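The values are calculated or read from the model by the stated rules, or taken from the named source; none is laboratory data. This structure is a prediction, so every number in the text was calculated from the model and none was measured. All Cβ positions, even for glycine, are placed from backbone atoms using ideal geometry, and neighbour counts span all protein chains on display.
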Amino acid sequence: MGKTIAEINEKIKKGEAVVVTAEEMIDIVKEKGSETAAQDVDVVTTGTFGPMCSSGAYLNLGHTSPKFKFGGGRTTLNGIEVYTGLAAVDIYLGATALSEDDPKNKVYPGKFKYGGGHVIQDLVEGKDIELEATSYGTDCYPGKRLNNIINLNDINEAVLFNPRNLYQNYNVAVNLSDKVIYTYMGTLKPNLGNANYCSAGQLSPLLNDPYYRTIGIGTKIFLGGGVGFVSWWGTQHNPGVKRADNGTPLTPSGTAAVIGDLKRMSGEWLKGVSFLGYGATLSVGIGVPIPILDEDMAKFTGVSDEDISTSIVDYSKAYPEGISESVGRATYAELKSGKIIIKDKEVITAGISSYYKAKEIAEELKTWIKKGDFFLTEPVAQFPDAESGYKFKPMKMRKLKGGE
Amino acid sequence: MYSEKIVLHIPSNMVDKPIVYKLSRDFDLEFNILKATVIPNEEGVLVLELKGDKNNYDKALRYLEAEKIKIKSLSKDVTRDENKCVHCGLCVGICPVSAFEVELDSRKIIFKQDKCIACGMCVNVCPYKAMEIKL
């Protein structure tokens, strides 16, 4: 016997819903079996917290007097470049944006101490932000130069809108070369000196709903400490990769785009980060509730770190050169044990995604649902699924006619 | 055998003196130089691990003090800002002396100050700038 989301919401309203975290669900399914677990449990909460580069926020700054057209001009927030190619006072602040005078990797490895992600954190923490803008001036928007202090409370909309978050599984990064390399997967010591991974594994949202049955467009989620929604599938969504029998993909696969009101989020769950030699970005905390509609969903959410594996990739050659090649595989249980064996060598492992915070998010979301403050949503439309043929393609390279 | 990791701030007029040699010869201490820097016209900073008889160690410290060398315990010089740390674990993989450990169930990262040699690797690597070093 299955359940519907409406029935689960009715239980939440009455305070009768059984809500557990994806970590707790593992033992429940092991002890009771998936059939009983499906009857007993209504919602499983998942969580993840880690750097998600394809993140940013759009802001409506409000109009000045005399009016000023940010659109098409140049604007910075605390010195960080924002995208102005929108209407007069709408801007988009990207997580990886830097200031013009950041030395970047000219002084290698660059420190990238302050970038777009840091501005988002400062905004959300209510700090005053310095705005500097130049524009070309029009008859209706005469302003050409503007210096001002803005604050999240004073501007109109501030919306976190991330084109790609929630990667369903991710590579383990290693370095086979004899030099230290600085990557978005952290600093990698030469000759397999360390191995960095980045997924919450058994707590990760899309690994608990591997075929995107309940997570789709319109799914209501915990986003950055506030409430958000899945707005679309994420960029680079790649559902057709090989999967294990339990449905979890063996390599990076599905992704989700998410959206939510920045004004209701918190700096606890949105943190600006700096990756040595790589750049600045934003760490985002996301939690997704999964309705246990039937036995299959109980099985999916009962997945544990032992049953999820990923591919180990060399970031000194294979990754930068776009060669799809793996130097081995490891399960998340092995990765979390602190060391794995690669090419007969014992290699120390480290997480980039915080499992500690992921757990906090799953717990927090559980509390919201139990208290009746958060209800589940039916997806408005599904993501392209494993059978859809939807693919993540590399860039097609072509020469201009008459060019070299 | 007594062992301690210390940070010495050596005044500029002492920078050319063979301090480590004296620690070894006069006080019979084993030394391991973890870090050494000289800041022009200011001072020298030396991070040492010293091992030996506790009496000799105490005498050695008195000698250093008499030479106007500032002595600090290393453990106080590398700190973690608990408000910034998110317990991701990047420091665990980069630390050459395993001064970070992952607590099993909570997956919290524990910083074992006594193991730290103040190399500063974690300070550079931490994306959240939670690690600080003040030598």
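A few points about this structure:
- Conditions (1) within 14 Å of another protein chain (Cβ to nearest Cβ); (2) over 25 Å from A:Glu157 (Cβ atoms); (3) among the aliphatic types (A, V, I, L, M): number failed by A:Leu270: (2)
- A:Leu176 falls short on exactly one of the conditions (1) over 19 Å from A:Ala358 (Cα atoms); (2) crowded, with 20+ Cβ neighbours inside 10 Å, and that condition is (2).
- Among the candidates B:Leu29, B:Leu34, B:Leu23, B:Leu46, residue that is within 18 Å of the chain's Cα centre (by Cα), touching a residue at least 60 places away in the same chain (Cβ under 8 Å) and buried (at least 16 other Cβ atoms within 10 Å of the Cβ): B:Leu34
- Extreme residue, nearest to B:Ile33 (Cα to Cα), among residues of region B:48-107 that are in a loop (DSSP other than H, G, I, E, B) and among the β-branched types (Val, Ile, Thr): B:Val97
- Single residue of A:Ile323, A:Ile348, A:Ile341 found to be more than 14 Å from chain B (Cβ to nearest Cβ), over 24 Å from the mean Cα position of the chain (by Cα), surrounded by fewer than 23 Cβ atoms within 10 Å (Cβ to Cβ) and within 24 Å of B:Cys95 (Cα to Cα): A:Ile341
- Within region B:77-96, the set of residues being away from every other protein chain (no Cβ under 12 Å) and in contact with a Cys (Cβ under 9 Å, 6 or more places away or on another chain) comprises B:Asp77, B:Val78, B:Arg80.
- Restricting region A:167-224 to residues that are hydrophobic (A, V, I, L, M, F, W, C), within 13 Å of chain B (Cβ to nearest Cβ) and in a strand (DSSP E or B), the residue that is nearest to A:Gly338 (Cα to Cα) is A:Ala195.
- Breaking point among (1) buried (at least 21 other Cβ atoms within 10 Å of the Cβ); (2) modelled with pLDDT under 95, for B:Asn41: (1)
- A:Val227 being surrounded by fewer than 24 Cβ atoms within 10 Å (Cβ to Cβ), part of a strand (DSSP E or B), under 18 Å from the mean Cα position of the chain (by Cα) and hydrophobic (A, V, I, L, M, F, W, C): yes
- Selection count, region A:326-338, where residues are more than 9 Å from chain B (Cβ to nearest Cβ) and either of a type in the set (D, E, K, R) or buried (at least 20 other Cβ atoms within 10 Å of the Cβ) (or both): 5
- Flag for A:Val303 being buried (at least 20 other Cβ atoms within 10 Å of the Cβ) and either away from chain B (no Cβ under 14 Å) or of a type in the set (A, V, I, L, M, F, W, C) (or both): yes
- Hits in region B:93-105 - residues which are without any contact (Cβ under 8 Å) to a residue 24 or more places away in the chain and touching a Ser or Thr at 6+ places or on another chain (Cβ under 8 Å): B:Gly93
- Scanning region A:188-197 for residues that are surrounded by fewer than 24 Cβ atoms within 10 Å (Cβ to Cβ) and not small (Gly, Ala, Ser) returns A:Lys189, A:Pro190, A:Asn191, A:Leu192, A:Asn194.
- Qualifying strands (runs of 3 or more DSSP E) (wholly inside region A:34-95; at least 2 residues being out of contact with any Pro (no Cβ under 7 Å at 6 or more places or on another chain), modelled with pLDDT of 95 or more and within 16 Å of A:Glu130 (Cα to Cα)): A:56-60, A:74-77, A:80-82, A:90-94
- Test result for A:Leu86, crowded, with 17+ Cβ neighbours inside 10 Å and touching a residue at least 24 places away in the same chain (Cβ under 8 Å): no
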